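Written out below as structure tokens is the structure these notes cover.
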Amino acid sequence: MSDTGLLRDDDFLENDYFISSEGESDSSRSAENKIKIIKVIFILLCVVLIGELVAYKYIMPSFSNPKVTVSGQKNYTAEEIARKLLRMNATTWFDFDVSQAVAILSSEAGIESVSVEKRFPDKIFINVVEREPVAVMFVADGGHTYPLEIDKYGVLFDVRENLMPDTSVVPIVSGLPVEYMAQGMRIPNVYHPLIDQISQISALPQKYFAGISEICVLPNEFGNYELALFPAQSKIKVLTDRALNEEALKYMMVVLDVVNQIGTAVSEVDLRYGSVSIKTVDVGDF
């Protein structure tokens, strides 16, 4: 009897143990499931939050008006540069055409070169290099005379409003065969050496052009040209050949000093053909 009772007690304990074990297992599984659900919800919320951040920082700005930054300009303002691109009708960053923007700005006579870069999501960077004048000329059109600047490549472009260059560095050149102004127009090739010589003289530390009020081009019958220089402090006209350089200007100044010391009223000095001749006001050539 006692053995049977012990067996029954063991069975009871064993059954009771298993029942208790199954109850604890269901509880832990339920807790694990809850944790998994919380983790999934947290991950989904993080994904949604990251998606919103990406949308607000990258996607939405790409569909708004692009932000344009202009650099390198001197005489043009950033607003002027941006205004010239309005014809593109680019309302979003995606609509902005880099090649078209470069073409539009390059067609501006006063701009030598331009680079345009798009940066995601809404940035446009524009860098311009403006033309540097080496000479100034005046053109008559419709009864009005207005100045044009010439760069080292012989390209003509408008003088910016109230920005007339310093004529002690940028001389006035007259006599060039230009009757009208067109965007990006160049002077005839035969006069390019003259512009190159003027550019080289302007780069010297001495301001030689401060002593010259005008350089006049005198075309000849052979399709070439000679020059007439008008000193700033004298009414004497100086005729010279096409070799406009530092030595020629120094030689001219020496000749003018000698002429001024003579005391004779001289109207013209001719330095062509390797000799010096003068023309007086009353007498004639000597």
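Remarks
- For the stretch 129-286, a crude dipole built from +1 on the beta carbon of Lys and Arg and -1 on the beta carbon of Asp and Glu, taken about the Cα centre, is about 180 debye to the nearest 20.
- Taking amide H atoms as placed 1.01 Å from N in the peptide plane, the amide H of SER113 lies under 5 Å from those of VAL129, each 5 or more residues away in sequence or on another chain.
- Lysine pair number, Cα distance threshold 19 Å (strictly under), the stretch 160-286, separation 8 or more or different chains: 5
- Solvent-accessible area of ARG272 with every protein chain in place, 1.4 Å probe, in Å² to the nearest 10: 40
- Kirkwood Rh in Å, taken over all unlike Cα pairs in the stretch 61-112: 11.8
- Restricted to Cα atoms, the stretch 85-198 shows a radius of gyration and a Dmax of 17.2, 53 angstrom.
- Rounded percent of accessible protein surface that carbon and sulfur make up, the stretch 154-231, 1.4 Å probe: 51
- Distance between the stretch 75-123 and the stretch 185-222 - C-alpha centres, whole angstrom: 34
The values are calculated or read from the model by the stated rules, or taken from the named source; none is laboratory data. Since this is a predicted model, take the numbers as computed values, not measurements. All Cβ positions, even for glycine, are placed from backbone atoms using ideal geometry, and neighbour counts span all protein chains on display. When the accessible area is computed, the model is the full protein with side chains, heavy atoms only, and any ligands, DNA or RNA have been set aside. Shrake-Rupley method; radii C 1.70, N 1.55, O 1.52, S 1.80 Å.
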